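Dumping the structure here so I can ask a few things about it.
The values are calculated or read from the model by the stated rules, or taken from the named source; none is laboratory data. Predicted model only: the values in this text are computed from it and were never measured. A quick note on method: Cβ atoms are made from the backbone with ideal geometry, for glycine too, and the neighbour counts reach across all protein chains shown.
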Amino acid sequence: MNDRVELYRGNRILLSCLYWAFVVYVFVPLILMVMMGFKDSKFIGFPIKSWTLDWYVEVFRDAEVMFAFGYSMLIAILSTLISVVVGTWIAVLLEGRRFHGRAVMFGLTVLPALVPGIISAIAFRIYARWVGIEPGMGAIVWSHAVHNVPFVALVVMARLSTLPKSQIEAARDLGADPLVAFIRITLPYLAPAILGASIFCLLLSFDDFVRSFFLGGYEPTLPVLIFAKLRSGMSPEINAIASIALVLTAIIGVWAERFTRRLNKDN
Amino acid sequence: MKREISASNDAPRVQSGVPDRTFWGRLTGWAPYTAMMRLVTASPKRQFAILAALPIVWVLTQHLGPMLQMLRVSLTDAYPVAPGVEQHFTFDNYLRFFGDSIFWMPFFRTLTFAAAFTFCTLVLAYPVAYFLARHVSRRNQMLFLLILLIPFWVGEIVRTYAIMILLGNTGALNLALKWLGLIDQPIPFMYTGFSMGVGIVYLTALYMLLPLYSALEKLPKSMNEAAADLGAGPWTRFWRISLPMTLEGIASGCTLVFLISTGFYATPVLLGGPSTTVFAETIAGFFHVAGDQWPTGAAFAVLMFVAALLITAAFQKLMSALRRGESR
């Protein structure tokens, strides 16, 4: 028996080593990248002998980069608004009363999330051309919105399935029509899920490269700008840009995670 | 019970004609609103139709539409259609694929690479998910998971760049190896299948980790304990219990990672070299050059999507067959 306990502990230690090795694998490249942004030399590579903040100063002076930041954020916000409304609507339909073709509807809903990136970008490019949307902000917003709808729908559906039906019935008994019952009972209950899904959409859109690349006009979004700069050569300025983007997204992600968890607990 | 109380308390107030001064009271008392709601909710059928209209139209035109339009364009000889040119139906775009090895080589390379990277991700993520689900207390699980989630909030390009810095000739890995005295000259990791693999595994690990974690979390601890009491060692327990019981999680994680891996464009461009051209780059080429190459690009994208779907479907079939075999 003692042997077995020993073995179990050995297992556990081995597994925890693997976990921490994975944490290192996941974090080290990012930490190195951030460090390189403080290197006092134009040449990317180790070792770093002296440090500087000049690259960050340069980033904030670079109008192109600042524009790309704002442009990406605007696209993220607009596309998220569309995704959240449509995704929630679809979720309400799918979680509501059973109907013929529900499985087909569900399959079509998740389709954009399953199409590999490049193929989805090409399909959107062709469709935008057919509909008559010029490459540019409108096209990017639209493609991000469509791509993110499945994520909203799935998250909201999961939350909706736990809504106590008695609350809706009580509201209806008290004279609320379906719309009022939805706005005053269902929506508040869905709030954490909707908030979590919107943050997820914001990050997905802000970080998206392939759709922005194929549907963009002359103004690059931030990932497209970083890509273009990378193709013409590495420079610590790119590290500074990427580090700012990294810190921003990480903070928003962690905050959303904690916030939605708290809201979930409250309910 | 509750229903009766509420009915007796509130129903008379509404009926007594005392106006409800709240926003909602005023809204529901407002004649145009009530008329509209009466119209909308006249029958359950109509109510359902109004609820279903937008989702159905959206899904058909926005989700299915682009795919169908891509399929249609792939079967034509000219797109975008120039004025004065007539568009014809043709299979040539598909035939073109088989005619030249610079087309089908990247195609098969992409599928092989994606399968190999998916396997690497599985091997890498399984122990991590296992540790999280089985050896971490419930209270800490979320924290441990959150630690891993942070880097995955960061975008594709930024993380690809991080891998470039790690693997470059003057990168951290080569520096570390040199410092350890293992090498004199830097190893050219970059622009090879290796660097591409490291990058793609790095980008997709989370999509494997989460399904595995939720599958392992559902696995009752008692089963492993019972097996241990019957004398099964850790290896046997893994092969006979954990692995068969989590086949579903493995299947969904692998499907997701495989599909995502086939769709990467920027990562292979930045981390790969001329000998590792993937099909995404081939497809993208048709949209960058001038001239009416779009139908060919569309046809190649359709081929890629169909191949990826067939492979994942075959894989899912295999996994469910295995699952049935195990439960017998």
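For residue A:144, work out the one condition from (1) modelled with pLDDT of 95 or more; (2) facing chain B (nearest Cβ under 7 Å) it doesn't fulfil.
All conditions pass for residue A:144, except number (2).
Which one of B:123, B:128, B:85 is surrounded by fewer than 21 Cβ atoms within 10 Å (Cβ to Cβ), β-branched (Val, Ile, Thr) and closer than 30 Å to residue A:12 by Cα?
Numbers: B:128 fails: surrounded by fewer than 21 Cβ atoms within 10 Å (Cβ to Cβ); B:85 fails: closer than 30 Å to residue A:12 by Cα.
Being surrounded by fewer than 21 Cβ atoms within 10 Å (Cβ to Cβ), β-branched (Val, Ile, Thr) and closer than 30 Å to residue A:12 by Cα holds for just one of B:123, B:128, B:85, which is B:123.
For the range A:172-204, name all the residues that are among the polar types (S, T, N, Q) and either over 24 Å from the mean Cα position of the chain (by Cα) or facing another protein chain (nearest Cβ under 10 Å) (or both). Outline the logic, then answer.
Pass one, the range A:172-204, residues among the polar types (S, T, N, Q): A:186, A:198.
A:186 - this is the single residue of the range A:172-204 that is among the polar types (S, T, N, Q) and either over 24 Å from the mean Cα position of the chain (by Cα) or facing another protein chain (nearest Cβ under 10 Å) (or both).
Please work out which one of (1) surrounded by fewer than 18 Cβ atoms within 10 Å (Cβ to Cβ); (2) part of a helix (DSSP H, G or I); (3) in contact (Cβ under 8 Å) with a residue 60 or more places away in the chain; (4) of a type in the set (D, E, K, R) is the condition residue A:125 fails and give its number.
It fails just one condition, (1).
Tell me, please, whether a residue that is of a type in the set (S, T, N, Q), farther than 22 Å from residue A:84 by Cα and assigned to a helix (DSSP H, G or I) can be found in the range A:202-219.
Checking the range A:202-219: not a single residue is of a type in the set (S, T, N, Q), farther than 22 Å from residue A:84 by Cα and assigned to a helix (DSSP H, G or I).
Of the numbered conditions (1) at the interface with chain B (Cβ under 7 Å from one of its Cβ atoms); (2) more than 29 Å from residue B:299 (Cα to Cα); (3) surrounded by fewer than 21 Cβ atoms within 10 Å (Cβ to Cβ), residue A:100 satisfies every one except a single condition; which is it?
Unmet condition: (1).
Okay, next question. For residue B:264, which of the numbered conditions (1) surrounded by 17 or more Cβ atoms within 10 Å (Cβ to Cβ); (2) in a helix (DSSP H, G or I) fails to hold?
Of everything listed in (1) surrounded by 17 or more Cβ atoms within 10 Å (Cβ to Cβ); (2) in a helix (DSSP H, G or I), residue B:264 misses just condition (2).
Which one of these is at pLDDT below 85 and closer than 21 Å to residue A:236 by Cβ: A:48, A:31? Reasoning before the result, please.
Values: A:31 fails: at pLDDT below 85.
Every option except A:48 fails the conditions.
Here's something else I'd like to know. I need the full set of residues from the range A:148-183 which are without any contact (Cβ under 8 Å) to a residue 40 or more places away in the chain and within 24 Å of residue A:261 (Cβ to Cβ), in order please.
First, pick out the residues of the range A:148-183 that are without any contact (Cβ under 8 Å) to a residue 40 or more places away in the chain: A:158-159, A:162-181, A:183.
Passing the criteria: A:158, A:159, A:162, A:163, A:164, A:167.
So that you can scan it fast, the table gives a plain yes or no per residue for (1) among the β-branched types (Val, Ile, Thr); (2) closer than 25 Å to residue B:313 by Cβ:
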| position | (1), (2) |
| --- | --- |
| B:205 | no, yes |
| B:223 | no, no |
| B:243 | no, yes |
| B:255 | yes, yes |
| B:264 | no, yes |
| B:273 | no, no |
| B:282 | yes, yes |
| B:286 | no, no |
| B:296 | yes, no |
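Okay, residues lined up against (1) away from every other protein chain (no Cβ under 11 Å); (2) assigned to a helix (DSSP H, G or I); (3) without any contact (Cβ under 8 Å) to a residue 60 or more places away in the chain; (4) surrounded by 13 or more Cβ atoms within 10 Å (Cβ to Cβ):
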| position | (1), (2), (3), (4) |
| --- | --- |
| A:28 | no, yes, yes, yes |
| A:42 | yes, no, no, no |
| A:55 | yes, yes, no, yes |
| A:64 | yes, yes, no, no |
| A:67 | yes, yes, no, yes |
| A:73 | yes, yes, no, yes |
| A:79 | yes, yes, no, yes |
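Please go through the range A:196-236 and pick out each residue that is modelled with pLDDT of 90 or more, within 16 Å of residue A:74 (Cα to Cα), among the small types (Gly, Ala, Ser) and surrounded by fewer than 24 Cβ atoms within 10 Å (Cβ to Cβ).
Passing the criteria: only A:198.
I need the full set of residues from the range B:59-74 which are within 15 Å of residue B:92 (Cα to Cα) and hydroxyl-bearing (Ser, Thr, Tyr), in order please.
Of everything in the range B:59-74, just one residue is within 15 Å of residue B:92 (Cα to Cα) and hydroxyl-bearing (Ser, Thr, Tyr), namely B:74.
Within the range A:237-255, track down each residue that is surrounded by fewer than 23 Cβ atoms within 10 Å (Cβ to Cβ) and either more than 9 Å from chain B (Cβ to nearest Cβ) or of a type in the set (Val, Ile, Thr) (or both).
A:237, A:244, A:247, A:248, A:249, A:251, A:252, A:254, A:255
May I pose another question? Output the number of residues of the range A:169-226 satisfying the condition of being among the hydroxyl-bearing types (Ser, Thr, Tyr) and in contact with a His (Cβ under 7 Å, 6 or more places away or on another chain). Quick ask: steps written out before the conclusion?
Keep residues of the range A:169-226 that are among the hydroxyl-bearing types (Ser, Thr, Tyr), which gives A:186, A:189, A:198, A:205, A:212, A:218, A:221.
After this cut, where a residue has to be in contact with a His (Cβ under 7 Å, 6 or more places away or on another chain) as well, the list is A:205.
Count: 1.
Ok, one more. Residue by residue through the range B:46-85, note down the ones that are under 23 Å from residue B:288 (Cα atoms) and more than 14 Å from chain A (Cβ to nearest Cβ).
The answer is B:77, B:83, B:85.
A further question on this structure: On the basis of being of a type outside the set (A, V, I, L, M, F, W, C), under 30 Å from residue A:234 (Cα atoms) and in contact with a Leu (Cβ under 8 Å, 6 or more places away or on another chain), does residue B:202 make the cut?
Answer is no for this residue.
Residues to consider are B:219, B:210, B:230; find the one that is more than 21 Å from the chain's Cα centre (by Cα), of a type in the set (A, V, I, L, M) and within 30 Å of residue A:27 (Cβ to Cβ).
Details: B:210 fails: more than 21 Å from the chain's Cα centre (by Cα); B:230 fails: within 30 Å of residue A:27 (Cβ to Cβ).
From the options B:219, B:210, B:230, the qualifying one is B:219.
Separate question: Residue by residue through the range B:250-267, note down the ones that are more than 12 Å from the chain's Cα centre (by Cα) and free of Cβ contacts under 8 Å to residues at least 40 places away in the same chain.
Once the filter is applied, which keeps residues that are more than 12 Å from the chain's Cα centre (by Cα) and free of Cβ contacts under 8 Å to residues at least 40 places away in the same chain, the range B:250-267 yields only B:265.
Do any helices (runs of 4 or more DSSP H) entirely within the range B:127-200 hold 2 or more residues that are under 19 Å from the mean Cα position of the chain (by Cα) and either within 30 Å of residue B:250 (Cα to Cα) or at the interface with chain A (Cβ under 8 Å from one of its Cβ atoms) (or both), and if so, which?
Because the criterion is at least 2 residues that are under 19 Å from the mean Cα position of the chain (by Cα) and either within 30 Å of residue B:250 (Cα to Cα) or at the interface with chain A (Cβ under 8 Å from one of its Cβ atoms) (or both), the helices (runs of 4 or more DSSP H) in the range B:127-200 that meet it are B:138-153, B:156-167.
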